Amino acid sequence: MSDTAVNVVVSSRVRLARNYFDLPFLNWERPENARLCVERAQAALCGGDESYDLYLMRDLPDVERLKLVEKHLISRDLVERADTGAALIRHDRRVSVMINEEDHLRIQAIGSGLDLEAAANVAFGVEGRLEAVCTFSFDPQLGYLTSCPTNTGTGMRASLMLHLPMLTRYKQMGNVNQSVAKLGLTTRGIYGEGSEALGDLYQVSNQVTLGRTEEEIIEAVTAVGRQLIDMELSLRARCLKEQPLDLRDALMRSYGLLRYALQMDEKEFMLHWSHLRLGAAMGLLPVSLNAVDDLLTVAQDAHARRYAQETSPGEEADAARCDIIRKTLETNV
Amino acid sequence: MLCEECGKNQATVSITVSAGGEVTTRRLCPECMKKMQFSLVNGDIQGFLSSVLSVLGSGQKREESGAVCSGCGLSYADFERTGRLGCAQCYRDFSDQLRPLLQSIHGRAQHAGRRPAAFTPSPEDERAARVSELRQKMDEAVASENFEDAAKYRDELRKLTEESGAAQP
Ligand SMILES: [Zn+2]
Ligand SMILES: [Zn+2]
């Protein structure tokens, strides 16, 4: 199971919301408090055996902020709080601590494949280092106190990024959303507006944070993840059995376009990317899953714009995107 | 009994409503409860909060209560508009309104997870947590018509409240 999970699970992520006990939540109105929030986190995490880089949103060019968003290291909300927002990002990019987002601290750990427990343990480790220096707002009845009551309690959001092209194709996502909601969890598209899920990528995460232990939350999200993996994999097998030519044709067409097209917008890219990942996972296309998952980040808009600036100034992002994709696919034959 | 929202379906979920200083309980069907959660499923937490808040307020017209947090000065009306609290003290000063809200968002209102390493609960905290947990379990047992367990929880609750000499709830 665990070795086939990567065919569906792109990443596992755990986020903890924490606030210092002695400062009000609404810090963007009080720059001196916002500064304190950064300094405390910096004192706790920097200079230890792990190294972190501090990013102050106000000092960062727009395109660099968006690159961090595309890497899922910071949120769009943090970018919008440009004057006070900051992030401490560990060198291996598996841990990021957003500062002065909706809460003072949002500790986030990301891992690949299906392993929320490992991600949670990393996040708790970082929390421990912060706790050695700071005291968090905590109430014995309500748990960790957060700016929004939807996070109160554990302050934890455990989420899986899942690639579900077949569940989407066979129009099962509506049913999935409904049954998942009954369990206190939610599914939503990761890319795209409203109900569309570009790249057939979905996030499954807990909605409920109060009254459950962290272990219960992780178990619930993992159990749903496993079920979706099973459903997706059996639909893939069925599709390959019933429509082998149609399936291979669709995958090869997308592969051909990704290898030879000269310009492509983000939406079209995401469409073919989904086929590329499906083909890589099913062993039907000559590319590794790691390379495909890398592309998901490095071929997004901000990355493509930055790449164009560095290599061929004046080039459009849509053309730079194709340069990046081509390079990846050529070296991964 | 029938759902107080649609008046059609059997009510199975109850929400405790605190309005204008009076506490009442509203009973809803799963469908009406789901309707409130629907916007949340689509990631629209704001919409969910205001719909819950409006349900909580609709049992009885709430007075324009001038409740203001003694810690940060946020008014409850501000919170209803933005869905964001201003500081830890907000949780205490607005606790009459927040408890039913937390209960309806999370289905429970007693923390069960990790605690800060440095936090040592007082015996009173421990007791309050146990009481709240037992009440929750009793309600859930009653809701699933598991009356035997419910009676067990009730007896335990009774013992706890008698030990501390507190008045019967
Ligand atoms: Zn109803
Ligand atoms: Zn306050």
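How would A:D103, A:D265 line up by accessible area, probe 1.4 Å, largest first? Don't skip to the end; give the middle numbers.
On the way: A:D103 0, A:D265 75 Å².
From most exposed to least exposed: A:D265, A:D103.
B:K152 contributes an accessible area of around 120 Å² to the protein surface, as traced by a 1.4 Å probe with all chains present. Can you give the relative contact order of chain A as a percent, counting alpha carbon pairs under 8 Å and 6+ residues apart? Relative contact order for chain A comes out at 18 percent.
Note down the relative contact order for region A:274-333 as a percent, whole number, built from C-alpha pairs under 8 angstrom at least six residues apart.
On the way: 48 pairs, mean separation 19.2, N = 60.
Relative CO of region A:274-333 lands at 32 percent.
The calculated 222 nm mean residue ellipticity attributable to helices in the protein assembly as shown amounts to -15500 deg cm²/dmol, summing -39500 (n - 2.57) over DSSP H runs of n ≥ 4 and dividing by all residues. About its Cα centre, the dipole of the protein assembly as shown is roughly 760 debye, where the only charges are +1 on Lys and Arg Cβ and -1 on Asp and Glu Cβ.
Working note: Debye formula, equal point scatterers on the alpha-carbon atoms of region A:182-331, no solvent; log10 I(q)/I(0) at q = 0.11, 0.13, 0.16 Å⁻¹ is -0.54, -0.71, -0.95. Along region A:266-275 the Karplus relation, 6.51 cos²θ - 1.76 cosθ + 1.60 evaluated at θ = phi - 60°, assigns HN-Hα couplings of 4, 5, 5, 4, 5, 4, 6, 4, 4, 5 Hz to successive residues, with x for each Gly and Pro.
Here region A:34-147 is treated with +1 on each Lys and Arg Cβ and -1 on each Asp and Glu Cβ, and its dipole about the Cα centre works out to around 180 debye.
Label positions at A:H91 and B:D96, each projected 7 Å from the Cα along the C-beta direction, are separated by 5.6 nm. Ordering A:H272, A:A41, A:T135 by Cα displacement along the dipole of the protein assembly as shown toward the positive end leaves A:H272 in first place; charges were set at the Cβ atoms of Lys, Arg (+1) and Asp, Glu (-1). Taking θ as phi - 60° and the Karplus parameters 6.51, -1.76 and 1.60, the scalar couplings of region A:183-190 work out to 8, x, 10, 9, 10, 8, x, 8 Hz in sequence order, x denoting glycine and proline.
Sorting A:F21, B:F79 on solvent-accessible area from highest to lowest, probe radius 1.4 Å, gives A:F21, B:F79. By its C-alpha gyration tensor, with a ≥ b ≥ c as the square roots of the eigenvalues, how is region A:30-138 shaped: rounded for a/c under 1.5, else prolate for a/b larger than b/c, else oblate? Oblate is the answer for region A:30-138, as a/c is 1.5 or above yet b/c matches or exceeds a/b.
If the label point is 7 Å along Cα→Cβ of A:A43, which residues in region B:103-123 have backbone nitrogen under 18 Å from it? Flagged as within label range: B:118. For region A:244-255, putting each phi into the Karplus relation 6.51 cos²θ - 1.76 cosθ + 1.60 with θ = phi - 60° gives couplings of x, 5, 4, 5, 5, 4, 4, 5, 5, 4, 5, 4 Hz, in residue order, rounded to whole numbers and with x for Gly and Pro. Distance between the modelled labels on A:A82 and A:L271, one decimal in nanometres: 3.3 nm (7 Å Cα→Cβ projection).
If you sort A:R93, A:R238 by accessible surface, 1.4 Å probe, largest first, the order is A:R238, A:R93.
The length gained by stretching the chain between B:Q10 and B:K152 to full extension, at 0.36 nm per residue less their Cα-Cα distance, is 48.4 nm.
Considering only A:A181, A:A197, A:T168, whose Cα is most displaced toward the positive end of the charge dipole of region A:158-289, charges sitting on Cβ of Lys, Arg (+1) and Asp, Glu (-1)? Result: A:T168, furthest along the dipole toward the positive end. Using a 1.4 Å probe over protein heavy atoms, the accessible area lost on pairing B with A, summed over both chains, comes to approximately 3300 Å². For chain A, the gyration tensor built on C-alpha atoms gives an oblate shape. Its axis ratio a/c (a ≥ b ≥ c) is at least 1.5, and a/b is not larger than b/c.
The values are calculated or read from the model by the stated rules, or taken from the named source; none is laboratory data. Given the structure is predicted, the values throughout are model-derived calculations rather than measurements. Backbone-built Cβ (ideal geometry, glycine too); neighbour counts: all protein chains shown. Heads up: the accessible areas ignore ligands, DNA and RNA and are worked out on the full protein's heavy atoms, side chains in. Shrake-Rupley method; radii C 1.70, N 1.55, O 1.52, S 1.80 Å.
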